[in-house]
Structures are given as structure tokens and as C-alpha cells.
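The values are calculated or read from the model by the stated rules, or taken from the named source; none is laboratory data. Bear in mind that the values here come from a model prediction, so they are computed numbers and not experimental data. Don't worry about glycine lacking a Cβ; one is built from the backbone with ideal geometry, like all the others, and counts go over all protein chains shown. Areas reflect the complete protein model, heavy atoms only, side chains present, ligands, DNA and RNA absent. Shrake-Rupley method; radii C 1.70, N 1.55, O 1.52, S 1.80 Å.
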Amino acid sequence: MIQDNKDIYERYVRYFEEKFGAVELGEPVRNDEFIVKKLSFDDFVVAWSEYKRTEEFLRETMSLGNTLSDAVEYQYRELCAQVLEKPKDFKLL
């Protein structure tokens, strides 16, 4: 699992640098409508875990026919911006 996280983090760093250039850890940048910062490995693992848990929760919740509130969708989109992942549209499930 640690190696998986390292691989994902390395991909994140490469994409971050391609998208925003040479940015120091913790330096804020604008990613679409969100302000995000370049994360250290430890901070990234926490954010990535939260992103994956939220995505799994939304997938399960929406597959049951529930409604997605605007606040929860915003939080999910903010997590996606933080870890540089494209948000999925759970309203289409």
C-alpha cells in the first residue's frame, strides 16, 4: 500500500509541475475555482485517502437513488482539486 501511495504521489507531483511549474511545497496556486497548495507526501496521503473515501461513499449513496446536496458536491470537487483528479459526475448514476 505504501508503494501504491508513492507511485500515486509521484504522478501527482509530475502533473502538478506540468500544470503549475516549479512550485515549492505549501505554495498556493489556483486550480480552476479552488486555491490548492503543493502537498508533501504525508499531507497528500491524508488528502488522497479522504478523496477515495468520499468518492466511494458518493458512489454507494448515489447508486441507492439518493440525492447529492450542493454542499457535499462542492466538498468533493474541492478534494478533487486538491489531489489534481477530475471529479466524477455522480448525478448520472
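Structure above, values below:
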| quantity | calculated |
| --- | --- |
| Residue within the range 14-33 that is among the aromatic types (Phe, Trp, Tyr) and in contact with a helix residue (DSSP H, G or I) (Cβ under 6 Å, 6 or more places away or on another chain) present | no |
| Residue match in the range 54-72 (condition: among the aliphatic types (A, V, I, L, M), at pLDDT 95 or above and surrounded by 11 or more Cβ atoms within 10 Å (Cβ to Cβ)) | no |
| Matching residues, the range 73-93, being within 20 Å of residue 12 (Cα to Cα) and open to solvent by 40 Å² or more (accessible area, probe 1.4 Å) | 75, 77, 78, 82, 85, 86, 87, 88 |
| Residues within the range 14-55 that are in a helix (DSSP H, G or I), farther than 22 Å from residue 90 by Cβ and in contact (Cβ under 8 Å) with a residue 12 or more places away in the chain, tallied | 7 |
| Residue match in the range 10-24 (condition: of a type in the set (Asp, Glu), within 12 Å of the chain's Cα centre (by Cα) and surrounded by 10 or more Cβ atoms within 10 Å (Cβ to Cβ)) | no |
| The range 67-91, residues that are among the acidic types (Asp, Glu) and in a helix (DSSP H, G or I) | 70, 73, 78 |
| Residues (of a type outside the set (Asp, Glu) and either modelled with pLDDT of 95 or more or over 13 Å from residue 83 (Cβ atoms) (or both)) located in the range 20-33 | 20, 21, 22, 23, 25, 26, 28, 29, 30 |
